[in-house]
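The values are calculated or read from the model by the stated rules, or taken from the named source; none is laboratory data. What you are looking at is a predicted structure, and each value in this text was computed from that prediction instead of being measured. All Cβ positions, even for glycine, are placed from backbone atoms using ideal geometry, and neighbour counts span all protein chains on display.
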Amino acid sequence: MFDSPYEIALKPYGMALLELAKKNPNVFCLGADLTRQTETDIIRDELPNRFINVGMAEANMIGIAGGMARAGKIVFVNSFGVFTTRRCYDQIAMAVAYPNLNVKIVGFMPGISSPGGPSHQAIDDMALMRALPNMTVVDLADNEEITQAVAAVAEHQGPVYMRLKRGEIPIIFDKDHKFSLRSAHHLIQGSDGCIISSGMMVPAAISAVKTLSDAGLKLSLVNCPVVKPIDIETILSAIGTKNFVITVENHSIIGGLGSAVAEAMTDKGVGVPLIRLGLQDTFAESGSREFLFEKYQLGVQKLIDSAWDKSGLKGEAPRAPLQQIISGKYAPV
Amino acid sequence: MTSQTLVDTLALARLSNRIRFHATNMVAIQGFGYLGQAMSAAEIFATIFGNNRFKLGYDRFVLSPGHYVIVFYAVAAELGWIKKEELLSYGADGSLLEAISTERTPLIDLNCGSLGQGLSGGIGLALVAREENKNRHTYVFLSDGEMEEGQIWEAAMFAGHHQVGNLTVLLDANNSQVDGSIDFVTTIEPLAAKWSSFGWQVAEVNGHDIAELTKAMNLAKDNQPLIIIARTKIAGHMRAIPDSVDVHFIKLEPEITSGILSQLEEEYV
């Protein structure tokens, strides 16, 4: 695991998809008028016969993908997360999830990483996809995870929803990091509490855990890229007998990572206080990433404050390190 | 018309008669069900499956309105693809022959129950056939009520633009939906002009006329999708079905059942 500010990789999804398609002639890619924005210009330009632009017609795109998968293909469908989930939910349920087909649904611009307001902010995509039988749900944090996940979801028999940031992706994990559709990662060991995070919130969680550690509060940190099926064993072993658990996700607190952890804890009778950070059952608004993460209380400082409050330690909570914006580097929000 | 064609047409007329006969008996067991669908689409299903045009297990059949599956069960039993005794389990708890088709339904390549979705799936199947250089044909059965769903037109636009051939849509235009006649609920016409403007080859026929249906099906090309708008009556021509009943999901009184069956016996030649 590297330190922030992180080095950046460019378009790892688009590159990985091209590599996969070169190796596997059954891989096809469908898009809905957001080709460059979903990094699929890379496969379009190199393997034009494997790319179909369906146009702004997500329902039709899902239906076509279902038909192609039924005829033996592995089909990646691409758009922003709002449009590949909420917009065409019945189509996903009936044409993909119920028949358990090899359609891999990719949703970019998760949560409030989009400046475009509620129409473009996928705050309920994991909740929607998690509710569908047969569906695997993945929320990815970094370059290494994205690169490995593309191959892993293609190999998996059945539908997958994969949400990821686009464009400039931080390099958090080194090459030894192993992504698996079955595993969460207990990244940092600590005895006082436990933070569980996924996707874009992983760098923020790492920063918060380090700051708190310097101030004397030792937390465990779990990276949970596969939100369904959730790795109950790793999560419950990280929670152990600690005093509190905090989940943090770039998503509504209803139906996503926090809900999945709460369900796992309840099922196993684990009675540890749980704080779910994320959008508190609200739509957001337009704005810069910094503004939105601050306003909707998803940043490093909110994590630090929540853990500090819960710990019972006296005095002011430590301050999040000031993140210098360095061109060509990625800093957590 | 050649004498061979006459023989074929007669055989398909008989098959249509048997489809209506089986469907009536299936619905009569529970006393209600999707009988109107068999009455309006009997000739369409007979023409798709009854003349060796459709190669089961090779060509593709998509049933977009899943509640029409009763018509498929009837034709499949008559062609020996499923056992006639099995028809008696139609709609019963635990039966494979569900009243609205599902992933469990035998022999059909793609079933939809949520309306308006079948054409997109059919296009996916046809695209793969084209990519694999197979000449397998994809037949998509649609009902006219589905024209109210936006996804149909997304799919129509796609297939026209991408010149998806070896793709035939059979549209049962019976002017019937749950809330009444379609033209009472909304205006979907002019259907032929709409599909034609989306880049499709269009044939508009009397959907109870087997010769017209057969001729239209022969128009299919490998570089343009074809739609056959089959104008039908939801009660078919059954004198025993009064105008007053809801034929979309009929409550089948015993006297209507016997009226239908005796007319079908009378007409079976």
Open item on the list: Criterion first (on the phi < 0 side of the Ramachandran plot, away from chain B (no Cβ under 12 Å), more than 16 Å from the chain's Cα centre (by Cα) and among the polar types (S, T, N, Q)) does A:SER119 satisfy it?
Closed with: yes
TODO: Output the residues belonging to the range B:149-166 that are outside any helix (DSSP H, G or I), away from chain A (no Cβ under 11 Å) and either in contact with a helix residue (DSSP H, G or I) (Cβ under 9 Å, 6 or more places away or on another chain) or of a type in the set (A, V, I, L, M, F, W, C) (or both).
DONE: B:GLY165, B:ASN166
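So which of A:ALA154, A:ALA141 ends up being in contact with a Leu (Cβ under 7 Å, 6 or more places away or on another chain) and hydrophobic (A, V, I, L, M, F, W, C)?
Step by step, each of A:ALA154, A:ALA141 is checked, and only A:ALA154 is in contact with a Leu (Cβ under 7 Å, 6 or more places away or on another chain) and hydrophobic (A, V, I, L, M, F, W, C).
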Task: All positions within the range A:216-262 that are part of a helix (DSSP H, G or I) and touching a residue at least 24 places away in the same chain (Cβ under 8 Å) - done: A:ILE232, A:THR234, A:ILE235, A:LEU236, A:SER237, A:ALA238, A:ILE239, A:LEU257, A:SER259, A:ALA260, A:VAL261
Task: Residue check for A:ASN102: on the phi > 0 side of the Ramachandran plot and within 14 Å of chain B (Cβ to nearest Cβ) - done: no
Open item on the list: Criterion first (within 11 Å of chain B (Cβ to nearest Cβ) and assigned to a strand (DSSP E or B)) does A:VAL75 satisfy it?
Closed with: yes
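If I ask for residues that are farther than 17 Å from A:SER311 by Cβ and surrounded by fewer than 24 Cβ atoms within 10 Å (Cβ to Cβ), which ones from the range A:190-203 would you list?
A:PRO203
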Task: The listed residue being surrounded by fewer than 20 Cβ atoms within 10 Å (Cβ to Cβ) and either in contact with a strand residue (DSSP E or B) (Cβ under 8 Å, 6 or more places away or on another chain) or in contact (Cβ under 8 Å) with a residue 40 or more places away in the chain (or both), out of A:LEU10, A:LEU17 - done: A:LEU10
Task: For B:ALA230: the one exception among (1) touching a Leu at 6+ places or on another chain (Cβ under 8 Å); (2) free of Cβ contacts under 8 Å to residues at least 60 places away in the same chain; (3) buried (at least 21 other Cβ atoms within 10 Å of the Cβ) - done: (2)
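Among the residues in the range A:157-167, are any among the aromatic types (Phe, Trp, Tyr) and within 25 Å of A:LEU101 (Cα to Cα)?
yes
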Task: Verdict on B:SER101 being more than 25 Å from A:GLY31 (Cα to Cα), at pLDDT 95 or above and in a loop (DSSP other than H, G, I, E, B) - done: yes
Task: Complete set of residues in the range A:55-71 that are within 17 Å of B:LEU110 (Cβ to Cβ) and more than 7 Å from every other protein chain (Cβ to nearest Cβ) - done: A:MET61, A:ILE62, A:ALA69
TODO: Collect the residues in the range A:122-164 that are assigned to a loop (DSSP other than H, G, I, E, B) and either at pLDDT below 95 or buried (at least 24 other Cβ atoms within 10 Å of the Cβ) (or both), keeping them in residue-number order.
DONE: A:ILE123, A:LEU140, A:ALA141, A:ASP142, A:PRO159
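Yes/no per residue for (1) away from chain A (no Cβ under 12 Å); (2) surrounded by fewer than 20 Cβ atoms within 10 Å (Cβ to Cβ):
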position	(1), (2)
B:TYR90	yes, no
B:LEU97	yes, no
B:LEU110	no, no
B:GLN117	no, no
B:SER120	no, no
B:GLY124	no, no
B:LEU127	no, no
B:ASN133	yes, yes
TODO: Determine which single condition A:VAL82 fails, assuming it passes every other condition in (1) within 10 Å of chain B (Cβ to nearest Cβ); (2) part of a helix (DSSP H, G or I).
DONE: (1)
TODO: Could you identify the single residue in A:ILE325, A:ILE304 that is closer than 20 Å to A:VAL202 by Cα, among the aliphatic types (A, V, I, L, M) and at pLDDT below 95?
DONE: A:ILE325
Open item on the list: Could you go through the range B:196-208 and let me know if any residue there is farther than 26 Å from A:GLU58 by Cβ and in a loop (DSSP other than H, G, I, E, B).
Closed with: yes
- [ ] Determine the pairs where a residue that is at negative phi and in contact (Cβ under 8 Å) with a residue 24 or more places away in the chain, located within the range A:156-168, has a partner that is part of a loop (DSSP other than H, G, I, E, B) and among the charged types (D, E, K, R) with Cβ atoms under 7 Å apart, the partner being 6 or more residues away or on another chain.
- [x] A:ARG166/A:GLU39
- [ ] Please verify whether the range A:36-50 includes one or more residues that are surrounded by 15 or more Cβ atoms within 10 Å (Cβ to Cβ), within 12 Å of chain B (Cβ to nearest Cβ) and of a type outside the set (S, T, N, Q).
- [x] yes
TODO: Test B:GLY80 against the stated conditions and say whether it is more than 13 Å from the chain's Cα centre (by Cα), part of a loop (DSSP other than H, G, I, E, B), more than 12 Å from every other protein chain (Cβ to nearest Cβ) and modelled with pLDDT under 95.
DONE: no
